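In what follows, a single structure is set out as structure tokens and then discussed.
Just so it is clear, none of the values below were taken in a lab; they were calculated from the coordinates. Just so it is clear, the structure is predicted and the values come from calculations on it, not from any experiment. Don't worry about glycine lacking a Cβ; one is built from the backbone with ideal geometry, like all the others, and counts go over all protein chains shown.
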Amino acid sequence: MKKIAVVLTTLAMAACLTACGSAHCKESGCENEVYQDGYCEYHYAIHAAEEIVGNAAGDIMNSLLG
């Protein structure tokens, strides 16, 4: 019984270290550290800008088309 507890504890610690140590950008191929929302600073800025431009374009279209 003690062997099972030792094995489970070791596996839990290994899983925690692996999960906590792999903080990379969620953009494919990017190995930079996470800045915010799972993205590195560069990709976060790109996604934020895309959202702002998309919202502005939607607002313009809504005002033109009623």
message = What are the ³J(HN,Hα) couplings of the stretch 33-46, residue after residue, when phi is run through the Karplus curve with 6.51, -1.76, 1.60 and θ = phi - 60°? Round to Hz, x for glycine and proline.
response = 6, 5, 9, 7, 6, x, 10, 6, 4, 5, 5, 5, 5, 5
note = Once amide hydrogens are built 1.01 Å from N within the peptide plane, the residues lying 5 or more places from ASN32 or on another chain with amide H under 5 Å from its amide H are CYS25
ask   = Taking amide H positions as placed 1.01 Å from N in the peptide plane, with prolines and chain starts having none, which residues 5 or more places from TYR39, or on another chain, fall under 5 Å of its amide H?
value = LYS26
remark   = Once both label points are put 7 Å beyond Cα along the C-beta direction, the ALA57-VAL34 separation in nm becomes 2.9 nm
